[in-house]
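Right, one structure below, let's go through it.
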Amino acid sequence: MIPSALCDIYGRKPVLFASTFMIGIANITGYFATNYIVILITMIVTTSFQSGMLTSIVLISSEFVGPNKRAMLSMIIWATYAMSFCLMALVSYFMQRWREMRLVLTIPSFLLLLLWRFIPESPRFLHINGRTDEAIKNLIASSDRKDVTFL
């Protein structure tokens, strides 16, 4: 519930990248943790911000597809999420130490940060906040046809 509210206040894109950054920082902190309390806190932070990241991904993605494609898009997003757990099992098979595994699994978080320029802000958020021209530009840029008109 909190990530959704933050997405409505600050935008989907900032919440996505802030959550991703915090997940990365918490995982790196967990790598260097020396006691159980710090490890527990970093796991709680990671889990808390993970919901913000996933909420933002679903919201941003679903606004760029038509209503009849949203169910398929959601299935793809959640299937990818499930496959990441399978990949995590494979990584854990080859990396027997949990610290190194946690550090390796943090790399995708920081790689996602490199996509800031390429992921547009939610058109719905832009429109609601009076940035309608920017919202229309985002929608046109993401559509296959360049002659799209919006009413």
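Take 85, 64 and order them by how many other Cβ atoms sit within 10 Å, fewest up front.
Working: 85 8, 64 16.
Starting with the residue having the fewest Cβ neighbours, the order is 85, 64.
What list of ³J(HN,Hα) values in whole Hz, one per residue of the stretch 69-86 in order, does the Karplus curve 6.51 cos²θ - 1.76 cosθ + 1.60 (θ = phi - 60°) give from phi, with Gly and Pro shown as x?
Taking θ as phi minus 60°, the curve returns 9, 5, 5, 5, 4, 4, 4, 5, 4, 6, 5, 5, 4, 5, 5, 5, 5, 5 Hz for the stretch 69-86.
Got the relative contact order for the stretch 1-113 handy, in percent, Cα pairs under 8 Å and 6 or more residues apart?
38
If neighbour count is taken as other Cβ atoms inside 10 Å, put 88, 101 in order from fewest to most. Don't skip to the end; give the middle numbers.
Details: 88 13, 101 17.
Fewest to most other Cβ atoms nearby, the residues stand as 88, 101.
What is the ratio of the Cα radius of gyration of the stretch 87-140 to 2.2 N^0.38 Å, with N the residue count, to two decimals?
In units of the 2.2 N^0.38 Å rule of thumb, it is 1.86.
At residue 65 and residue 118, where each label point lies 7 Å from the Cα along Cα→Cβ, what is the point-to-point distance in nanometres?
Distance between the two pseudo-spin positions: 1.9 nm.
Could you give the angle, 0 to 90 degrees to the nearest 10, between helix 12-32's Cα long axis and the longest principal axis of the Cα atoms of the chain?
10
Counting just the Cα atoms, what span does the chain cover along each of its three principal axes? Round to the nearest Å and put the largest first.
The Cα atoms of the chain stretch 57, 29, 26 Å along the principal axes, largest first.
Can you work out D for the stretch 1-79 in µm² s⁻¹ from Stokes-Einstein, where Rh is the Kirkwood radius over C-alpha pairs, the temperature is 4 °C and the viscosity is 1.567 mPa s? Intermediate results must be reported in sequence, preceding the final value.
Numbers: Rh = 13.6 Å.
For these conditions, the coefficient is 95 µm²/s.
Spelling out what I want: for every residue of the stretch 132-140, take phi, set θ = phi - 60°, compute 6.51 cos²θ - 1.76 cosθ + 1.60 (Karplus), and round to whole Hz; glycine and proline get x.
Computed from phi, the couplings for the stretch 132-140 are 5, 4, 5, 4, 5, 4, 5, 5, 5 Hz.
Bear in mind that the values in this text are calculations on the coordinates, not laboratory data. These numbers were taken from a predicted model, which means no experiment stands behind them. Reconstructed Cβ throughout: ideal geometry from the backbone, glycine too, with neighbour counts over all protein chains shown.
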